[in-house]
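See below for the structure under consideration.
Bear in mind these aren't lab numbers, they're just calculated from the coordinates by the rules spelled out. In this text, all values refer to a predicted model and were calculated from it rather than measured experimentally. Glycine also receives a Cβ, built like all others from the backbone with ideal geometry; neighbour counts cover every protein chain displayed.
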Amino acid sequence: MVVLILLSPIYLIIFSTILFMWLICALFYAISLLLPAGFAKSYIFNVMVSFDQTANALTFGDPDETISGRFGRRWPDSWFSKLLNTLFGVGHVQQAIEPDEGKDDLIK
Ligand SMILES: [Ca+2]
């Protein structure tokens, strides 16, 4: 069933769109790190987290968890976790872990 979903053209279109949006949001988030705390910074962060969680749900993760939190919890030493830590700061994936999340992962 999972393979059929992954290979369906609609899923691939949706997933690539979300991945593209997530990458754009990650770029805006990196830019927002330069901004002082306030409305604009909070807005960018909230939108980025919502796309991040959508991307996590599309890859069969908990819909209330970010990709960073999922990698920090499940694969903290993976190359992607190291990439995220390089992009967002040392210990990013570990700090993104929410202890109460992950129970709704569809792939354990
Ligand atoms: Ca959460």
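Only residues that are more than 16 Å from the ligand (Cβ to nearest atom), buried (at least 17 other Cβ atoms within 10 Å of the Cβ) and small (Gly, Ala, Ser): list them for segment 78-103, please.
Residue satisfying the conditions is 81 alone.
Scan segment 66-77 for residues that are within 14 Å of the ligand (Cβ to nearest atom) and out of contact with any Gly (no Cβ under 6 Å at 6 or more places or on another chain) and jot them down.
Passing the criteria: 66, 67, 68, 69, 72.
Identify, from the list 41, 108, the residue that is surrounded by fewer than 17 Cβ atoms within 10 Å (Cβ to Cβ), basic (Lys, Arg) and either touching a helix residue (DSSP H, G or I) at 6+ places or on another chain (Cβ under 6 Å) or more than 27 Å from residue 2 (Cα to Cα) (or both).
41
Just to be sure before I move on: is residue 28 within 16 Å of the ligand (Cβ to nearest atom), farther than 29 Å from residue 3 by Cβ and of a type in the set (A, V, I, L, M, F, W, C) in the structure I sent?
It is false that residue 28 is within 16 Å of the ligand (Cβ to nearest atom), farther than 29 Å from residue 3 by Cβ and of a type in the set (A, V, I, L, M, F, W, C).
Which ones in segment 13-26 are over 24 Å from residue 64 (Cβ atoms) and surrounded by 12 or more Cβ atoms within 10 Å (Cβ to Cβ)?
Once the filter is applied, which keeps residues that are over 24 Å from residue 64 (Cβ atoms) and surrounded by 12 or more Cβ atoms within 10 Å (Cβ to Cβ), segment 13-26 yields nothing.
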